Amino acid sequence: MSEWVEVRVPRLGDDVATAVLVAWHVAEGDRVRDGDVLFEVETDKAVFEVEAEVDGVVIEVLAEPGARVSPDQVVARIRPEAA
């Protein structure tokens with residue numbers, strides 16, 4: 001298993017080039033479970049919640065609230081927990 005899992009902004013539609021990272025629901029050092037909401041992004045049409053895809057610990061947050069982010073951009077890293 002790799003040292004960390006990159007948390008990326010999901011593709012939010014064919015015509016969405018950027019979104020605004022609205023808020024984090026976690027901080028560096030927080031333990032998360034698969035399915036926990038990590039952050040919210042907003043497009044001109046909606047606000048989307050982005051969930052963790054692994055159990056682990058948030059080791060790095062790379063984008064601040066208010067930042068413009070692009071689909072597939074890495075915004076955090078999670079150190080996975082061994083199963």
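When peptides 7-18, 47-58 are ranked by their average number of other Cβ atoms within 10 Å per residue, the highest-first order is 47-58, 7-18.
Here the spin labels are modelled as points 7 Å beyond Cα on the Cα-Cβ line, and at His25 and Val54 they lie 2.0 nm apart. With protein chains left intact and a 1.4 Å probe, residues in the chain average 62 Å² of accessible area per residue. If you wrap the Cα atoms of the chain in a convex hull and average its projected area over all directions, you get 5.2 nm².
Length gained on full extension, Glu64 to Thr43, computed as 0.36 nm times the residue gap minus the Cα-Cα distance: 5.9 nm. Dipole size of segment 17-83 about its Cα centre, with +1 on Lys/Arg Cβ and -1 on Asp/Glu Cβ: approximately 140 debye, rounded to the nearest 20.
With all protein chains in place and a 1.4 Å probe, the accessible surface of the chain carries 44 percent carbon and sulfur.
The values are calculated or read from the model by the stated rules, or taken from the named source; none is laboratory data. The structure displayed is predicted, hence computed values, not measured ones. Here Cβ is always computed from backbone atoms with ideal geometry, including for glycine, and neighbour counts include all displayed protein chains. Accessible surface areas use protein heavy atoms only, side chains included; no ligands, DNA or RNA. Shrake-Rupley method; radii C 1.70, N 1.55, O 1.52, S 1.80 Å.
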